[in-house]
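Structure record follows, encoded as structure tokens.
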Amino acid sequence: MGIHDENSHLEESDKNYIWHPFTQMKDWLEEKPVIISEGRDCFIKDICGRWYLDGVSSMWVNIHGHRKKEIDDAIKEQIERISHSTLLGLSNIPAIQLAERLIKLLSQSLIGSQLPNPPTPPLAKGGEGGFKVFYSDNGSTSVEVALKMAFQYWLHKGVTGKNSFLSLKNAYHGDTLGAVSVGGIETYHKVFSPLLFKTYNAPSPYCYRCELGLTYPDCKTACLKKKEEILIKHSYETAAVIIEPLVQAAGGIIVSPEGYLKGVRDLCTKYNVLMIADEVATGFGRTGRMFACEHEGIVPDILCISKGITGGYLPLAATITTDEIYNAFSGEFRDLKTFFHGHSYTGNPLACAAALACLDIFEKEETLRNLKPNIELLEGWLKEISELPHVGDARNKGLMSGVELVKDKNTKEPYAWEEKTGWKVAYHARDNGVFLRPLGNVIVIMPPLSISIENLKQMLKVIKDAIIAVT
Ligand SMILES: Cc1ncc(COP(=O)(O)O)c(C=O)c1O
């Protein structure tokens, strides 16, 4: 079989056998699929030999680039020992080493010395200053774990009735049913509503489209007050507030105003509900700091991490919680206080080895410090692009950014979603060597943190040209 025949066969087989996620397959079947065969640095290559800049880090996971030698080697070395053994009734070396490393990292970055007044974990008083790592294997499961943990924590403390959660409009926490219950994106979540548990929804801190009709900072973050009103009425039935710190990612890269996150932490403490920070998207440097919570010096009660944890190599997640919560599950075997949750691939040694190598690179290459010129370049470009007639809002936190396209800049009227304006921009960019995946009318720009300044410039030029051509 020649290369052309092989490629045609792959394209046909893809269409015959794969159901792609978040994809209208009728459309997919009419298109020529791009099939990736290779990656290097921040580029991915398709089977026809075309290279693309990976503008969304292979769904926001890639950190140090593809085929990063240190991570490749760490996985190979681990394969020579063992690829998988269970954490149910056993332990494994990389999982132990990674847990220790994550806790140290968290202690440094969240309770770290860089803050003028280091916060104390609100639920870690009385000498219980530690954290524990509960592994799973993707972002959604890290959230499921957090929700179940929070719910059961209150039961173990003898507090009944905390059967609900407070989440945000435009929130996205994954696709499993618990995560969907605390989701707030109508297009994805409404259809499943008969299957979901009850939650309360506070306004999204979406300043460009403030649902309260106010303007920041004159509003004095009135959306927080709305949140407080809900807690005043319902904290007795609320186990936890769940939030994507600083950036509601899948909601459209919605960046919350300064002080909002800290305000949420204060409300949680005041009304005696737990705070779950879902850093699945924001964690591992995306916002310019290791964790988004660092920006406002807060420590959540439960932290969910995944995506970038392995540098974008293998599925792994962790739900990290305080000793206060962990200790509430401790008891006699017959007390049934055990946390009955666990997945087959929990704490997979290959994934943990990749994660350890990923953290080594953060240190060795000073990834966070080196991000600064890229963030400055991106911010300059966002300012420039916001002058375009159909760019309503261009926003970022670190290297997470979104350009919101509008039909009418004065009225902020969006393009009708059926027009697929975001997709048209993405296809134009793809034809010019940049792979993007938009969120409706929002063009998401989230390259690997390791992208060089030249490649970032090239990527931004292609995106600008695409926006101009399409709008
Ligand atoms: C904030 C957040 N939480 C959870 C998830 C779900 O992660 P996964 O797709 O790995 O299940 C995502 C995925 O985009 C996310 O952005």
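Numbers below:
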| read-out | value |
| --- | --- |
| Any hit, region 115-124, residues being of a type in the set (A, V, I, L, M, F, W, C), part of a helix (DSSP H, G or I), under 17 Å from THR319 (Cα atoms) and modelled with pLDDT under 95 | no |
| Elements of type helices (runs of 4 or more DSSP H) in region 1-71, at least 3 residues being surrounded by 11 or more Cβ atoms within 10 Å (Cβ to Cβ), out of contact with any helix residue (DSSP H, G or I) (no Cβ under 6 Å at 6 or more places or on another chain) and not hydrophobic (A, V, I, L, M, F, W, C) | 3-17 |
| Region 287-337, subset of a type in the set (S, T, N, Q) and within 22 Å of GLU144 (Cβ to Cβ), residue farthest from the chain's Cα centre (by Cα) | SER330 |
| Residues of region 313-343 classified as assigned to a loop (DSSP other than H, G, I, E, B) and within 16 Å of the ligand (Cβ to nearest atom), total | 6 |
| Helices (runs of 4 or more DSSP H) within region 127-243 that include 1 or more residues among the aliphatic types (A, V, I, L, M) | 139-156, 177-181, 222-234 |
| Inter-residue pairs, beta-carbon under 7 Å, first farther than 20 Å from LYS227 by Cβ and in region 168-187, second at pLDDT below 95, 6+ apart | VAL180/HIS189 |
| Number of positions in region 264-276 that are touching a helix residue (DSSP H, G or I) at 6+ places or on another chain (Cβ under 6 Å) and within 16 Å of the ligand (Cβ to nearest atom) | 2 |
| Filter pass, LEU214 being over 27 Å from GLY297 (Cα atoms), surrounded by fewer than 18 Cβ atoms within 10 Å (Cβ to Cβ) and either within 16 Å of the ligand (Cβ to nearest atom) or of a type in the set (A, V, I, L, M, F, W, C) (or both) | no |
| Every residue from region 212-238 that is within 12 Å of TYR200 (Cβ to Cβ) and of a type in the set (Val, Ile, Thr) | ILE230, ILE232, THR238 |
| Residue match in region 244-257 (condition: buried (at least 23 other Cβ atoms within 10 Å of the Cβ) and touching a His at 6+ places or on another chain (Cβ under 7 Å)) | yes |
| Condition met for LYS424 (crowded, with 18+ Cβ neighbours inside 10 Å, charged (D, E, K, R) and farther than 18 Å from HIS64 by Cα) | yes |
| Matching residues in region 276-289 - criterion: being in contact (Cβ under 8 Å) with a residue 60 or more places away in the chain and either crowded, with 24+ Cβ neighbours inside 10 Å or assigned by TED's automatic domain parsing to the domain that holds ASN374 (or both) | ILE276, ASP278, VAL280, ALA281, THR282, PHE284, ARG286, THR287 |
| Index of the failed condition, LEU177 passing every other in (1) within 14 Å of the ligand (Cβ to nearest atom); (2) buried (at least 19 other Cβ atoms within 10 Å of the Cβ) | (2) |
| Every pair of residues 6+ apart whose Cβ atoms lie under 6 Å, when the first sits in region 137-151 and is within 14 Å of VAL180 (Cα to Cα) while the second is part of a helix (DSSP H, G or I) and more than 8 Å from the ligand (Cβ to nearest atom) | GLU144/GLY178; LEU147/GLY178 |
| Members of region 27-57 found to be basic (Lys, Arg) and in contact with a Phe, Trp or Tyr (Cβ under 8 Å, 6 or more places away or on another chain), listed by number | LYS45 |
| Failed item in (1) free of Cβ contacts under 8 Å to residues at least 24 places away in the same chain; (2) exposed (fewer than 15 other Cβ atoms within 10 Å of the Cβ), with ALA222 passing the rest | (2) |
| Output for region 15-65, where each listed residue is of a type in the set (D, E, K, R) and either in contact with an Asp or Glu (Cβ under 6 Å, 6 or more places away or on another chain) or free of Cβ contacts under 8 Å to residues at least 60 places away in the same chain (or both) | LYS15, LYS26, ASP27, GLU30, GLU31, LYS32, GLU38, ARG40, LYS45, ASP46 |
| Check on LYS464, over 16 Å from TYR52 (Cβ atoms), in contact with a Gly (Cβ under 8 Å, 6 or more places away or on another chain) and at pLDDT 95 or above | no |
| Odd one out for GLN78 among (1) more than 28 Å from the chain's Cα centre (by Cα); (2) among the polar types (S, T, N, Q); (3) surrounded by 14 or more Cβ atoms within 10 Å (Cβ to Cβ) | (1) |
| Matching residues, region 277-312, being among the acidic types (Asp, Glu), in a loop (DSSP other than H, G, I, E, B) and away from the ligand (no atom under 11 Å from the Cβ) | ASP301 |
| Identity of the residue in region 429-457, under 25 Å from the mean Cα position of the chain (by Cα) and among the polar types (S, T, N, Q), that ends up nearest to TYR52 (Cα to Cα) | ASN455 |
| Check on LYS169, touching a strand residue (DSSP E or B) at 6+ places or on another chain (Cβ under 6 Å) and closer than 30 Å to THR411 by Cα | yes |
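Table: residues versus (1) charged (D, E, K, R); (2) more than 15 Å from THR338 (Cα to Cα); (3) crowded, with 19+ Cβ neighbours inside 10 Å; (4) more than 16 Å from the ligand (Cβ to nearest atom).
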position	(1), (2), (3), (4)
GLY130	no, yes, no, yes
GLY139	no, yes, yes, no
VAL143	no, yes, yes, no
LEU147	no, yes, yes, no
HIS156	no, no, no, yes
GLY161	no, yes, no, yes
SER167	no, yes, yes, no
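The values are calculated or read from the model by the stated rules, or taken from the named source; none is laboratory data. Please read these numbers as outputs of a predicted model, since none were measured by experiment. Note: ideal-geometry Cβ built from the backbone for every residue, glycine included; neighbour counts use all protein chains shown.
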